[in-house]
Amino acid sequence: MRWMLTVVALATMLAGCSGSTPPSQQALPNGAPPAKKALGIRPDGDTTLHIDTSKAPDELKKVYAYIDEHIDQHVENLQKWIRQPSISNSGEGIPETADMVKGFFDQLGCQTTQIYDVGIGEWGAPGNPVVYGKCDEGAPKTVIIYWMYDTMPVTQPDAWIAPPFEGQLVEQKPFKKVLIGRGATNSKGPEMTEWNALMSMKAVSGKLPVNVIFIAEGDEERMSIGLRKFVRDHADLIKADAMLMFGGQAPSGGGGISGGSEGLMYIELTTSGKAWGRGPVASDIHGINKRSVDSPAWRHIQMLASLVSKDGNSVLIQGFNDNIAPLTAAEFDGIKKGAAKVDMKVAAENVGVARFISDDPLTMLKMQRYSTAFNLDGIWGGNMYAGGSGAILPNKLTSKHSIRYLPNMHSADILRKIRAQLDRNGYKDVEIHMVGDQPWSKMAYNTDIARAITQMYDQFQIPYTPPSQTETILGGAWPGYLFTTAPQGDPGITPIGVPIAGGGAGLGGMAHAANEYLVIEGAGKIYGMAGAEKSFATILYNYAKASK
């Protein structure tokens, strides 16, 4: 889940819930073991919202109480997982983390758990293991729960206020406690929240209200190359009625529903003296030679500048934006309603930027939710050591680019257009390497799993804009094209075909950045980790009682 900031509309606050009993005041199930209180986490924190439990079944109330009583242990579970690196781009900690994930599924009592070695993916790179688990509870309905156990690397360790692999708890106003760590929000935090909730349900009731199939991939940050192969090879293992994704609140406190995905492809562009026929051809050479020798590095910079506008915000590739399906009236109306409630300062702070390209909330939100991009993610070659000196004239420079695209665009067509533009611009020697692709996928939300989420929002007094009932993407990038019931952007794929929805309480931020965090003790309109766990349990109970 490469989760972007999701800014959602604020609706009129629901009426107060007279007759509600705070979960912390409810009795624990008989025989529940005493919980350790080493961290002193306040389950409700300073949250001003409250869960309406007046219509909740007794069993769910007991789950709420169990979560409150064990929240210290639940936070410690997340800290232990954060302390295990799992960086898919380098491979650091991937095998160990796959073992940990299988252990989670075993501990939950899944009858079937297995780590699958997926082998070489379609773009030539080996995929990381997919961890599969199936918990058969004898229930009428089966839900797929999607996880990604890989994270981004730590590229700027000095920018962190706490070590990225310790899971320290710090104050971050207005929150008395947030957990800092790589994966805190993307996505170990939300996933551990789910697991804690499932374990709480098992502790209270001895079983879950639905059967669960876990699919945990270790390649989401590498275009899900392993998951793509696993789903194609093992579709028979993924028979279910719905798919539930993790999700949370926006910084404003509002809730949203996800399930669709924009398209995302990665390429590498390489300029070399050997292919160009000028400059150093076999290796880097002494920088003293620049006075008389051409530079592939400078050629690479000029090549990149020919593909985008001077500010980098507009793509200058001929035909790049052709074929985009326009927003429907309902989609645009949803964005407009959301923009009316956006606090631009809070939204910028949660992403870690000074300001957005546009200061207009509607323009910014439309950019976030439905527009294309050609990003420069990284560039390397030559003398890569920080500080010091050492004269080098590089013989090769490579840059990596993430390209976000929309229905009805296709990665193969975009690749052809990039090649043609480079040739027109005089850069026929520049090499293109396709790293991977996650095609776009749509989803509609007139489904029981989506309604289970909106019912939870009502119960938790979380304002939300009713989701579109037509098929839409309106979300970040994830491999939804492998599972959707709606149109998707890869003609060579037959999706599993289940309704998908994601949402929940709680908040995290700074994904892919320094000081990635998850809110542990909530404040104001934001629930903390205990509230997030309760929201997940509530969604499953809501879905279980919906007519089959």
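The values are calculated or read from the model by the stated rules, or taken from the named source; none is laboratory data. Since this is a predicted model, take the numbers as computed values, not measurements. Here the Cβ is made from the backbone with ideal geometry for all residues, glycine too, and neighbour counts use every protein chain on show. The accessibility values were calculated without ligands, DNA or RNA, using every heavy atom of the protein model including side chains. Shrake-Rupley method; radii C 1.70, N 1.55, O 1.52, S 1.80 Å.
Of the trypsin sites (Lys or Arg not before Pro) in region 139-197, not one is in a loop by DSSP (not H, G, I, E or B) with at most 15 other beta carbons within 10 Å. Checking every one of the trypsin sites (Lys or Arg not before Pro) in region 318-414 against DSSP loop status and a limit of 11 other Cβ atoms within 10 Å picks out ARG355.
When the listed pairs LYS207/LYS239; LYS61/LYS337; LYS229/LYS534; LYS337/LYS545; LYS366/LYS417; LYS177/LYS545 are checked against a 23 Å cut-off, the alpha-carbon distance exceeds it for LYS61/LYS337; LYS229/LYS534; LYS337/LYS545; LYS366/LYS417; LYS177/LYS545. The C-alpha atoms of the chain define a longest principal axis, and helix 58-69 lies at about 60 degrees to it. Rounded if a/c is under 1.5, else prolate if a/b beats b/c, else oblate: with a ≥ b ≥ c from the C-alpha gyration tensor eigenvalues square-rooted, which is region 296-352? Note, shape of region 296-352 comes out oblate.
Computed from backbone phi, the HN-Hα couplings of region 347-361 come to 4, 5, 4, 5, 8, x, 10, 6, 6, 8, 4, 10, 8, 8, x Hz, rounded to whole numbers (Karplus: 6.51 cos²θ - 1.76 cosθ + 1.60, θ = phi - 60°; Gly and Pro given as x). So how tilted is helix 94-108 from the main axis of the chain? Cα-based, degrees 0 to 90, rounded to 10. With rounding to tens, the tilt is 20 degrees. Directionally averaged projected area (the chain, Cα convex hull): 25.4 nm². Would you mind classifying region 332-451 by shape? Square roots of the alpha carbon gyration tensor eigenvalues, ordered a ≥ b ≥ c; an a/c under 1.5 is rounded, otherwise it is prolate if a/b is larger than b/c and oblate if not. Oblate.
Helices in the chain, meaning DSSP H runs of at least 4 residues, each add -39500 (n - 2.57). Divided by all residues, the mean residue ellipticity at 222 nm is -8500 deg cm²/dmol. Here the relative contact order of the chain, from alpha carbon pairs under 8 Å that lie six or more residues apart, stands at 25 percent.
Using a probe radius of 1.4 angstrom, the carbon and sulfur fraction of the accessible surface of region 49-88 is 39%. Using the 1.4 Å probe convention, the accessible area of region 132-256 works out to 30 Å² per residue with neighbouring protein chains retained.
With protein chains left intact and a 1.4 Å probe, residues in region 308-377 average 59 Å² of accessible area per residue. Antiparallel beta bridges, as assigned by DSSP with both residues in the chain, represent about 75 percent of the total such bridges. Any chance you could give the angle, 0 to 90 degrees and rounded to 10, that helix 329-339 forms with the longest Cα principal axis of the chain? Value to nearest ten degrees: 80. Pairs from the table (LYS345/LYS442; LYS274/LYS400; LYS102/LYS400) lying more than 23 angstrom apart at Cα are LYS345/LYS442; LYS102/LYS400. Oblate is the label for region 382-459. Its Cα gyration tensor axes, ordered a ≥ b ≥ c, give a/c of at least 1.5 and b/c at or above a/b.
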